Amino acid sequence: MSEQKKVVDEKLFHVIVAPHVSEKSARLADKHQQIVLQVRRDATKPAIKQAVEQLFNVQVESVTVTNVKGKRKQTGRMAGRRQDWKKAYVRLKPGQDINFLGQQA
Amino acid sequence: MQVSVETTSKLGRRLTVVVPAEQFEQEFAHRLQRLSKQVKMPGFRPGKVPAKVVEARYSGQLLEETAGDLIERTLREAIGTHDLRPAGGTRVQHKPIARGQGLEYTAEFEIYPEITRLDLAGVDLERPVPEITDADVERTLETVRKQRVTWKPVERAAALEDRLMVDFIVRVDGKELEGGKAENQPIMLGSGSSFREIEEGVVGSVQGETRRVTVNFPADARNPALAGKAAEFEVHVKEVAEPVLPAVDDELAKALGIADGGIDKLRAEVRSSLEREAAERARTVLRRNVLKSLRDLNQFEVPTGLVEGEVERMRRIRQAAAGAAAAADDSDNAFYRERARVRVALGLILAEVVRSRGIKADAGRVRARVEQMARDYEAPEKFIEWYYADPERLGEVESTVLEDTVVEQLMNTAQVRDRPVSFEDLLKMDVSIE
């Protein structure tokens, strides 16, 4: 049991790829206590919820996800495509907050 | 803004300034707003970055900037309201800064000492009045003659003061030294410019004679092949010559560039040049007496910051003069410091005198001075033009003239006593102010 739990734990560290910082994410954080994250493409809502709760020590109200299509890029005749990725909107329970921005100068 | 002044030493002052939280906050918010209008960040359109994000990113830098700016402004105000004149640098230390708190800092500096005696009333000053005697003139002529000595070959044995022309070969352990061979080398007997053993060894030799002299080199001799060795010099004397001093006559005068007038004219010229030199020297001595008594009248503590600056300056000049060879060396710091202290003190006093009397460098005198300096050059007009082209260069001359003026004016306030001195005594007089 404990063996299995540990494996799950390690996977959780890999679920969240990076915080997604944009005008929209800043607005959502202010208005709706929602944080925006880039997550693994195979991450499920429960996994994201668990990962956020454990990593940031907060309580999650709900998670919504969306698949973002990678942009098509072209240089000359060479056409290419960027990787698709998954974006997660995580709503925290009232009174909770995560500070991604940090105090770097 | 709350300001309190502490006296840390005779000249040291410590200001403690508290800037209220509202003022700091207002200043900070203003800066934050302005920055967020300019800053560019990925994920945001330019100028659309929320203040919160900007603050998270730049708050440390912003706090420092705000504090620095506020310190600069409030410190100037605080110094102004308390009527302080800081001398040299100010050391500022502030407490940890954070948003929503007041800014508290201390500033330590030294103030200029108060200078009260700005004249020399009642001071006895000594002015050396040099007298040039015939003996002084003769002595100078003697020096000139020695410079124009000619050598006459003689057949007799070499004695002191003679000049020998020699060839020599150096041998160490019976083997000839590489490069140890020379021809037609002059040796002045009794001058001490060659090895003592050689000079002594060839006394009494005659032309064409060959002598062997052993020279013991010290262990630390520059040439490693010779260090600690006994080298044998084989000296072949090619010529013995005795010195002939030119006679003091019209010929000598002519040789020295006096076309007519002869020896009497030469004597007169020597006398007048000696007189010029003596007058210059006397003025330096008098100036030194003026400055010294001025310093003695104004005993005050000199701001250490200014002294340190002066020490640094003197050291730089010295190093520049000595070249790269003289590395930074702290050993003579004390020596510099004492001199720097006197210099700074005098500088302060003189500046105060200039200020209180409203003395200005007279343009005519500046001109005269530059012209005098130009006289030694080939194209005086060019030199003058060059000097006047750079305000900094001209400023140096102006300050010299200004100093002269100050010294003159100060001298007029004192009792000046003339004291006749001989030229030799005058040269021995102390002219250093330090």
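Odds and ends about this structure:
- The protein assembly as shown - share of DSSP beta bridges that are antiparallel (%, nearest 5): 90
- Mean Cβ neighbour count within 10 Å, used as a protection proxy, ranking B:405-412, A:63-70 highest first: B:405-412, A:63-70
- Separation of the stretch B:1-68 from the stretch B:402-416 is 53 Å, based on Cα centroids.
- Partner shielding of A:25-34 amounts to 2, given as the average count of beta-carbon atoms from other chains within 10 Å of each residue beta-carbon.
- Distant-in-sequence amide H partners of A:GLU61 (H built 1.01 Å from N, under 5 Å): A:ARG91, A:LEU92, A:LYS93
- Mean partner shielding of peptide B:42-51, defined as the number of other chain Cβ atoms within 10 Å of each residue Cβ, is 3.
- Diagonalising the gyration tensor over the Cα atoms of the stretch B:150-244 and scaling each eigenvalue by 5 before taking the square root yields semi-axes of 25, 13, 11 Å, largest first.
- Peptides B:83-96, B:45-58 ranked from most to least packed give B:45-58, B:83-96, packing being the mean of other C-beta atoms within 10 angstrom over each peptide's residues.
- Extension gain from B:ASP362 to B:ALA29, taking 0.36 nm per residue of separation minus the Cα-Cα distance: 114.4 nm
- 3J(HN,Hα) from dihedral phi, the stretch B:236-251, Karplus parametrisation 6.51/-1.76/1.60, rounded to Hz, x for glycine, proline: 9, 7, 8, 7, 10, 9, 9, x, 10, 7, x, 5, 7, 8, 5, 4
- Counted charge near B:THR413, where neighbours are those whose Cβ lies closer than 11 Å (Asp, Glu -1; Lys, Arg +1): 0
- Legend: Rg and Dmax of the protein assembly as shown, from Cα coordinates, 43.0, 126 Å.
- Derived scalar couplings between HN and Hα for the stretch B:404-416 equal 4, 4, 4, 4, 4, 5, 5, 4, 5, 7, 9, 7, 9 Hz in order, rounded to whole Hz, by the Karplus curve 6.51 cos²θ - 1.76 cosθ + 1.60 (θ = phi - 60°), x for Gly and Pro.
- For chain B, the dipole from Cβ point charges (+1 on Lys and Arg, -1 on Asp and Glu) about the Cα centre works out to 2220 debye, to the nearest 20.
- Listed values for the stretch B:303-317 are Karplus-derived 3J(HN,Hα) couplings in whole Hz (6.51 cos²θ - 1.76 cosθ + 1.60, θ = phi - 60°), namely x, 5, x, 5, 4, 4, x, 5, 4, 4, 5, 4, 5, 5, 4, and x replaces Gly and Pro.
- Share of alpha-carbon pairs per 10 Å distance bin for the stretch B:2-111, given as whole %: 14, 39, 24, 15, 7, 1
- Highest-MSF residue in chain B out of B:GLY60, B:GLY174, B:GLY122 [GNM, Cα springs under 10 Å]: B:GLY174
- Sorted peptide list for B:262-273, A:73-84, B:175-186, criterion being average Cβ within 10 angstrom, highest first: B:262-273, B:175-186, A:73-84
- Among B:VAL302, B:VAL206, B:VAL290, residue whose mean-square fluctuation peaks in a GNM of chain B (springs only between Cα atoms under 10 Å): B:VAL206
- Mean residue ellipticity (222 nm) of chain A, computed from DSSP H runs ≥ 4 via -39,500 (n - 2.57), nearest 500: -10500 deg cm²/dmol
- Value of relative contact order over chain B, rounded to a whole percent, pairs C-alpha under 8 Å and six or more apart: 18
- Exceedance of the 32 Å cut-off in Cα-Cα distance is limited, within the set B:LYS146/B:LYS382; A:LYS45/A:LYS71; A:LYS93/B:LYS95, to B:LYS146/B:LYS382; A:LYS93/B:LYS95.
- A Stokes-Einstein calculation at 25 °C with viscosity 0.890 mPa s, built on the Kirkwood radius of the stretch A:1-92 over Cα pairs, returns a diffusion coefficient of 169 µm²/s.
- Computed over the stretch B:321-429, Cα set: Rg, Dmax in Å: 18.6, 48
- Share of Cα-Cα pairs in the stretch B:97-157 lying beyond 20 Å, as whole percent: 75
- With the convex hull of its Cα atoms as the shape, chain B has an orientation-averaged projected area of 38.0 nm².
- Shielding by partners - mean other protein chain Cβ count within 10 Å, residues of B:57-65: 2
- Proximal lysine pairs, the stretch B:150-244, alpha carbons under 19 Å, eight or more residues apart or interchain: 4
Read-outs: derived from the displayed coordinates by stated rules, not from any lab. Since the model is a prediction, treat every value here as computed from it, not as a measurement. When we count neighbours, we look across all protein chains shown, and the Cβ atoms used for this are built from the backbone with ideal geometry, even at glycine.
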